[in-house]
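A.B. asks: Okay, handing you the structure first.
The values are calculated or read from the model by the stated rules, or taken from the named source; none is laboratory data. No experiment lies behind these values; they were computed from the predicted model shown. All Cβ positions, even for glycine, are placed from backbone atoms using ideal geometry, and neighbour counts span all protein chains on display.
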Amino acid sequence: MKKVLADLRTTVNRLGKDRTAVAVSKKAILQKLTKLEKEHLHDQKVQQRDLLRMDELLQVVSGLSASGSLPKAKTGPRHDQLDQMAEAINTLGGELKNSSVTLAEKEALLKEVHHRVKNNLQIITSLLQLQSATIKDLEANQKFTESCNRIRTMAMVHDRLYMSNDFSKIDIAEYMRGLIKFLCSSYSISQKKIGLDLSIDIDYGMFAIDDAIPLGLILNELVANSCKYAFTDSKKPKITIVFQETLTKTGDHTFNLEVSDNGCGLPNGMDINQSNSLGLQLVVLLTEQLGGTIKLRKQKGASFRIRFKNKHCLKKG
Ligand SMILES: Nc1ncnc2c1ncn2[C@@H]1O[C@H](COP(=O)(O)OP(=O)(O)O)[C@@H](O)[C@H]1O
Ligand SMILES: [Mg+2]
C-alpha cells in the first residue's frame, strides 16, 4: 500500500516538472487507483479506506483541469501523503494559471508595440512633411512626398495589426482598400479626374506582416508612377488594379496583382530589372522578397503583373 502511494507521489512530482505530461500522468494515477481498488477487494476495511482516498484523489486531480484552484485534502496523519500530492498539484495548477496570464500580458505588449510603431512612423511622416514645406524645388518636394507615402504605407499595416485579433495577420483586402483611398487623396486622383478601378477577389486574405508590407509598398510605387508619368495627355485617364487568388494543383495559394494604366506607357526598351531609379528598383526587390515574379504586360499604357505564392495566408473569418 505504502509503495503504491509512494509511486503516486513520484507521478505527481513529475507532473510539476513537466506541464505537458499532465494528461498522461493523470491517466496513470487513475489507472493505479483502479488497480488498488481491485487488489484490496477482500478486505472491507481497507477497501473502504482506499475508496475514500481514491475519492479525494479524484477530486484533486479533476480539480486541476477544471479550475486550477484545488480543494485541500482533510488533515490528519493518514492524509499526509494526500496533502503533499494536493500541494504538488496545486503548485502545478498555479503555474498553469500563471502561464496563461503571461500569454495575455504578451498579447497586450504586442498590441502596444504595433500601436507605438504606428505612432512613431506617423511622427516621422509629420516631421518630413514639415520639412518639405520649406523646400521650394518641386522635384525634391515630390521625393519627400513619396518617401512620406512609403512610411505611411508601412504604418497602415501596423495600425491594422494593432486592431486585429491576434496581432499577427491582417485582412489584406481591407488594407489595400484603405491604402488606395489614401493614395487617391495624396495624388489628388479625383481632382485630376483619374478614374480608378479596384477589383479584389480573394479567399485566403489574412496576410502576415512580412507579406503585407512588401505588397503595400509595391502597390504604392506603381500607383504613384501612374499618377506621375502616365497621363500627360490622356483623354480618359484610368488606373486599374486587380488582385486575385488561384489555388494551384499542389494546394498553394497564388496571388496575382495587376496594376495598369491607359497612359503613355513605359519608355521604349526599358528594362525594369536594370532600372537606376529607386521606385522600380524597389518594386523588383520587394517582389523578390515575396518570392514572386514580375512581368510587364503588352498593352496600351503601362501594365505590371506581380505573381507570388503565399504559404502563410489564412482564410478570413
Ligand atoms: N506608369 C508609367 N507610365 C509611364 N512611365 C512610367 C510609368 N512608371 C514608370 N515610368 C517610367 O519609369 C521611370 C522609373 O520609375 P521609378 O523607378 O518609379 O522612378 P521615379 O518615380 O523616382 O522617377 C520613370 O521615370 C518613368 O519614366
Ligand atoms: Mg516612382
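A.B. asks: Only one of Asp233, Asp203, Asp197 is farther than 20 Å from Cys313 by Cβ, among the charged types (D, E, K, R) and touching a strand residue (DSSP E or B) at 6+ places or on another chain (Cβ under 8 Å); which?
C.D. replies: Going through Asp233, Asp203, Asp197 in turn, the sole match is Asp197.
A.B. asks: Okay, moving on. Residue under question is Ser199, and the condition is that it be assigned to a strand (DSSP E or B) and in the same structural domain as Val259 (by TED's automatic domain parsing); does it hold? Walk me through it before giving the result.
C.D. replies: Numbers: assigned to a strand (DSSP E or B): yes; in the same structural domain as Val259 (by TED's automatic domain parsing): yes.
Taking the combined requirement at face value, the residue satisfies it.
A.B. asks: Moving on to the next point. Determine whether Asp261 is within 16 Å of ligand 2 (Cβ to nearest atom), of a type in the set (Asp, Glu) and more than 26 Å from the chain's Cα centre (by Cα).
C.D. replies: yes
A.B. asks: A further question follows. Looking at region 280-303, which of its residues are more than 9 Å from ligand 1 (Cβ to nearest atom) and among the small types (Gly, Ala, Ser)? Show your work before the answer.
C.D. replies: Within region 280-303, the first condition is being more than 9 Å from ligand 1 (Cβ to nearest atom), and the residues that meet it are 284-300.
Result: Gly291, Gly292.
A.B. asks: With the requirement that a residue be crowded, with 19+ Cβ neighbours inside 10 Å and either in contact with a Gly (Cβ under 9 Å, 6 or more places away or on another chain) or small (Gly, Ala, Ser) (or both), what does region 184-205 give you?
C.D. replies: Ile189, Gly205
A.B. asks: I would also like to ask the following. Give Gln191, Gln122 a once-over and let me know the one that is within 28 Å of Ser277 (Cβ to Cβ) and either part of a helix (DSSP H, G or I) or modelled with pLDDT of 95 or more (or both).
C.D. replies: Unique residue meeting the criteria: Gln122.
A.B. asks: Condition (residue is within 12 Å of ligand 1 (Cβ to nearest atom), free of Cβ contacts under 8 Å to residues at least 24 places away in the same chain and among the polar types (S, T, N, Q)) applied to region 248-268: is it met by at least one residue?
C.D. replies: Yes, there is a match, as at least one residue in region 248-268 is within 12 Å of ligand 1 (Cβ to nearest atom), free of Cβ contacts under 8 Å to residues at least 24 places away in the same chain and among the polar types (S, T, N, Q).
A.B. asks: Can you tell me how many residues within region 215-249 are within 16 Å of ligand 2 (Cβ to nearest atom) and not β-branched (Val, Ile, Thr)?
C.D. replies: Residues meeting the conditions: 14.
A.B. asks: Here's something else I'd like to know. Right, Ser65: in a helix (DSSP H, G or I) and modelled with pLDDT under 90 or not?
C.D. replies: On the way: in a helix (DSSP H, G or I): yes; modelled with pLDDT under 90: yes.
Considered against the rule, which asks whether it is in a helix (DSSP H, G or I) and modelled with pLDDT under 90, Ser65 comes out as yes.
A.B. asks: Among the candidates Gly279, Gly301, single out the residue that is more than 15 Å from ligand 2 (Cβ to nearest atom), in contact (Cβ under 8 Å) with a residue 60 or more places away in the chain, under 24 Å from Ile194 (Cβ atoms) and of a type in the set (Gly, Ala, Ser).
C.D. replies: Gly301
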